[in-house]
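Novice: Below is a structure I'd like to ask you about.
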Amino acid sequence: MPSGRGDCKSCGLPITGKSISSADGRLTGRYHKACFVCTTCKEPFSSATFYVLDDKPYCDRHYHELNGSLCGGCGNGIEGQYLEDESTKKHHPGCFRCGDCGVVLRDGYFEVNGRAFCEKDAWRRVQQPWMTGRKGSMPAAGSPLGLPAGPGGMRTGSFGLPSNNRMGPGFAPRPSMEKRMTRLGMM
Ligand SMILES: [Zn+2]
Ligand SMILES: [Zn+2]
Ligand SMILES: [Zn+2]
Ligand SMILES: [Zn+2]
């Protein structure tokens with residue numbers, strides 16, 4: 001295994017012609033021109049810009065992927081400010097938005113079924129299964145058999161009015177909304 005100083009750091013073979021090395025010393029060693037590619041995808045760099053991690057060159061995308069700095073919103077790399085949610089997923093400050101209305105969630109958010117929403121939409125979502133589809137608004141004491149036997153009989157057909165029938169406790173688990181905090185950080 002040749003390991004002389006002049007050998008290509010990537011393939012290990014001697015460099016006779018042109019070589020590439022980092023001008024600013026971010027990356028040690030020399031490379032064949034053809035060997036100077038992203039360590040992950042093996043694609044040459046489209047510009048003079050490349051990233052260094054563990055003394056190896058990477059393209060923008062794979063550097064951020066390894067570095068854990070891809071935006072959870074737009075999927076691009078984050079440099080500078082980011083917002084981190086409680087699952088430590090990072091976002092550009094402008095990319096962390098309510099899943100319904102798209103408002104930027106800068107100062108915390110509400111999580112429903114693992115997704116982030118503003119307070120208004122989170123509230124609407126936890127209400128939804130109770131407001132639509134089935135009747136009933138509160139798990140009040142009703143007829144345990146789930147028969148439409150409330151006052152008013154079964155011929156009114158007035159869907160949408162709160163009544164205390166047909167909804168046994170635990171029949172449709174109510175999604176919870178939980179207040180979460182965001183953290184502003186700097187890459
Ligand atoms: Zn090489
Ligand atoms: Zn790459
Ligand atoms: Zn983004
Ligand atoms: Zn919203």
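Novice: Output ³J(HN,Hα) for the stretch 113-124: one whole-Hz value per residue in order, computed from phi by the Karplus curve 6.51 cos²θ - 1.76 cosθ + 1.60 with θ = phi - 60°, and x for Gly and Pro.
Specialist: Coupling constants for the stretch 113-124: 6, x, 10, 9, 9, 6, 4, 4, 6, 4, 5, 4 Hz.
Novice: Bin all alpha-carbon pair distances of the stretch 1-130 at 10 Å intervals from 0 and give each bin's fraction as a whole percent.
Specialist: All Cα pairs considered, the percentages come to 12, 30, 21, 16, 12, 7, 2, 0.
Novice: Then there is this: From the cross-link list K18/K56; K18/K90; K90/K179, which pairs have alpha carbons spaced over 28 Å apart?
Specialist: K18/K90
Novice: Near the amide H of A116, under 5 Å away, which other amide H atoms are found, from residues 5 or more places off or on another chain, if H is placed in the peptide plane?
Specialist: Excluding prolines and chain starts, which carry no amide H, the hits are G99.
Novice: Can you tally the net charge around C101? Count Lys and Arg as +1, Asp and Glu as -1, for every other residue whose Cβ sits under 15 Å from the Cβ of C101.
Specialist: Net local charge, C101 excluded: +3.
Novice: Let me ask something else. For the stretch 13-29, take each phi angle, set θ = phi - 60°, evaluate the Karplus expression 6.51 cos²θ - 1.76 cosθ + 1.60, and give the result in whole Hz per residue in order, putting x for glycine and proline.
Specialist: 8, x, 9, 9, x, 5, 9, 10, 9, 6, 5, 9, x, 5, 10, 8, x
Novice: Could you pull out every residue, at least 5 positions away or on a different chain, whose amide H is within less than 5 Å of the one on R180? Hs are placed 1.01 Å off N in the peptide plane, and Pro or chain starts have none.
Specialist: Amide H neighbours of R180: Y109, F110, E111.
Novice: Which whole-Hz couplings ³J(HN,Hα) result when phi for each residue of the stretch 58-66 is put into the Karplus expression 6.51 cos²θ - 1.76 cosθ + 1.60, θ = phi - 60°, listed in order with x for Gly and Pro?
Specialist: 9, 6, 3, 5, 6, 4, 5, 4, 5
Novice: Right, something else. Near the amide H of N76, under 5 Å away, which other amide H atoms are found, from residues 5 or more places off or on another chain, if H is placed in the peptide plane?
Specialist: Those lying under 5 Å, H to H, from N76 are C71.
Novice: Can you figure out the FRET efficiency of C101 with K33, using R₀ = 41 Å and their beta-carbon distance, to the nearest 0.05?
Specialist: Values: r = 50 Å, r/R0 = 1.23.
That gives a FRET efficiency of 0.25.
Every read-out reported here was derived from the displayed coordinates using simple, explicitly stated rules and does not represent laboratory data. Model, not experiment: these values are computed from the prediction. So basically every Cβ, Gly included, is an ideal-geometry build from the backbone, and we count neighbours across all protein chains shown.
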